[in-house]
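Here's the structure we're looking at; comments come further down.
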């Protein structure tokens with residue numbers, strides 16, 4: 001029961017663990033069961049009911065966490081292919097931010113390597129499923145809007161292009177570099193990552209100079 005002095009406090013079970021923790025554990029178990037099932041049978045045959053059975057739970061448990069398969073697949077991507085988290089100090093320059101993003105992108109390679117095949121099969125499935133593809137569009141669009149707002153905190157004169165364009169370039173760069181590092185590591189040493197992001201923070205050139 002929540003404290004009267006702090007109505008927003010999490011409720012706790014008799015064993016002293018917050019109920020929110022149980023929900024998180026349930027969700028994590030369902031996601032892991034879904035991942036294993038998809039590896040065995042593919043996305044097409046991974047139903048919510050079978051995921052629940054694989055996790056040893058009721059269908060009520062899975063529908064209490066995911067309203068449909070699309071939401072489950074989106075959650076899998078967010079958990080096992082999580083966005084990078086660069087450590088950018090307040091007041092940092094764009095060059096410093098790009099260096100931090102390069103460092104965070106390199107760090108993500110370690111965690112993403114074991115799940116790269118699942119990521120690619122998930123993208124392939126999304127290309128054949130219009131409803132899931134539409135949901136991916138919504139989630140990605142929201143993340144771009146968030147990223148563009150962050151980029152607007154930098155001096156506009158530092159940005160090589162409008163924030164809403166730069167955020168898309170950064171996303172494509174991150175995804176491409178990570179997958180190529182996993183596929184052909186010898187061809188994508190650390191220096192390539194740092195140089196690629198540093199190029200976005202170098203002094204802006206006039207349009208005609210870029211064409212030369």
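Some points to look at:
- The lone criterion from (1) more than 20 Å from residue 185 (Cα to Cα); (2) part of a helix (DSSP H, G or I) left unmet by residue 154 is number (2).
- For residue 172, the stated conditions hold: it is surrounded by fewer than 12 Cβ atoms within 10 Å (Cβ to Cβ) and either outside the structural domain of residue 44 (by TED's automatic domain parsing) or under 14 Å from the mean Cα position of the chain (by Cα) (or both).
Every residue, every condition in (1) in a helix (DSSP H, G or I); (2) touching a helix residue (DSSP H, G or I) at 6+ places or on another chain (Cβ under 9 Å), yes or no:
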| residue | (1), (2) |
| --- | --- |
| 88 | no, yes |
| 114 | yes, yes |
| 117 | yes, yes |
| 143 | yes, yes |
| 191 | yes, no |
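- Scope the stretch 52-79; condition under 20 Å from the mean Cα position of the chain (by Cα), crowded, with 16+ Cβ neighbours inside 10 Å and part of a helix (DSSP H, G or I); matching residues: 69, 70, 72, 73, 74, 75, 76, 77
- Where a residue in the stretch 155-168 is in contact (Cβ under 8 Å) with a residue 40 or more places away in the chain and its partner, wherever it lies, is exposed (fewer than 15 other Cβ atoms within 10 Å of the Cβ), with Cβ under 7 Å and at least six apart: 158/93; 160/204
The values are calculated or read from the model by the stated rules, or taken from the named source; none is laboratory data. Keep in mind that this is a model prediction, so the values were computed, not measured. Don't worry about glycine lacking a Cβ; one is built from the backbone with ideal geometry, like all the others, and counts go over all protein chains shown.
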